[in-house]
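Any read-out appearing in this document is the output of simple, stated calculations on the displayed coordinates, not a laboratory observation. On a predicted model such as this, the values are computed, not experimentally measured, just so you know. FYI the Cβ positions are ideal-geometry reconstructions off the backbone, even for glycines, and counts take in every protein chain you see.
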């Protein structure tokens with residue numbers, strides 16, 4: 001009987017470069033309508049230049065979008081929001097906002113493509129609420145580093161960084177979560193927020209070798225509203241991989 005001799009590929013280095021978030025701070029705040037606007041205040045068309053750049057070809061991946069819309073309530077009231085994708089409603093909700101308080105809507109769109117139109121409509125039950133800030137970044141989840149070669153031995157997440165980093169307005173971070181590694185489509189109960197090496201990871205078709213927390217593992221196609229008396233935007237973000245070093249095992 002013959003003996004199988006595994007063969008390793010050469011060392012593969014996957015660098016992932018995330019585009020800087022698109023941010024807009026209006027010079028003059030816009031008053032929120034008291035009914036849902038026909039034209040949402042926040043809108044982006046996903047372009048190829050918005051996608052993270054990969055230094056190595058990868059097999060299936062899922063694009064997700066983290067979007068932010070923010071403003072202020074002068075009188076305490078109720079903020080309403082709706083997420084839309086290509087003109088169709090994705091999700092909607094409300095949040096209470098105290099007097100003289102900033103709000104930030106944190107929508108997370110899952111499984112998007114170049115050309116998609118992503119929007120957030122905002123309205124208030126008060127006549128003196130406003131909107132003045134928006135931001136947007138595309139991230140990659142469910143990455144498969146090599147096509148038919150799925151067993152990576154080892155797999156080193158050698159570069160990890162938080163994203164996005166927002167700078168306009170008076171930003172404040174609420175939470176940031178690491179991504180989850182996967183082996184044979186089974187989660188490894190560890191969220192990665194710094195460099196980490198695994199002896200082996202097998203990428204299957206559903207989850208690949210990782211899932212981002214926000215927009216995939218947690219709250220896909222949903223939004224969270226954060227409020228603060230001082231900071232706008234107040235936001236949550238992911239830790240994302242920026243460099244993966246691995247070898248594939250051919251059996």
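Just a few scattered comments:
- Antiparallel beta bridges, as assigned by DSSP with both residues in the chain, represent about 95 percent of the total such bridges.
- Normalising by residue count, the stretch 182-230 has a Cα convex hull of 97 Å³ per residue.
- For the stretch 88-170, a/c is not less than 1.5, where a ≥ b ≥ c are the root eigenvalues of the C-alpha gyration tensor, and a/b tops b/c. That puts it in the prolate class.
- Straightening the chain between residue 111 and residue 56 buys 17.7 nm, computed as 0.36 nm per residue apart minus the Cα-Cα spacing.
- Simple spin-label estimate for residue 48 and residue 127 in nanometres, 7 Å along Cα-Cβ: 5.0 nm
- Residue 99-residue 186 FRET efficiency (beta carbon distance; Förster radius 41 Å; 0.05 resolution): 0.30
- Rounded if a/c under 1.5, otherwise prolate or oblate - the stretch 158-212, Cα gyration tensor axes: prolate
- Residue 200/residue 86 FRET efficiency (R0 35 Å; Cβ-Cβ; nearest 0.05): 0.30
- Over all Cα atoms in the stretch 7-250, the spread is summed up by Rg and Dmax: 19.4, 68 Å.
- Inter-centroid distance (Cα atoms) of the stretch 14-89 relative to the stretch 151-197, Å: 21 Å
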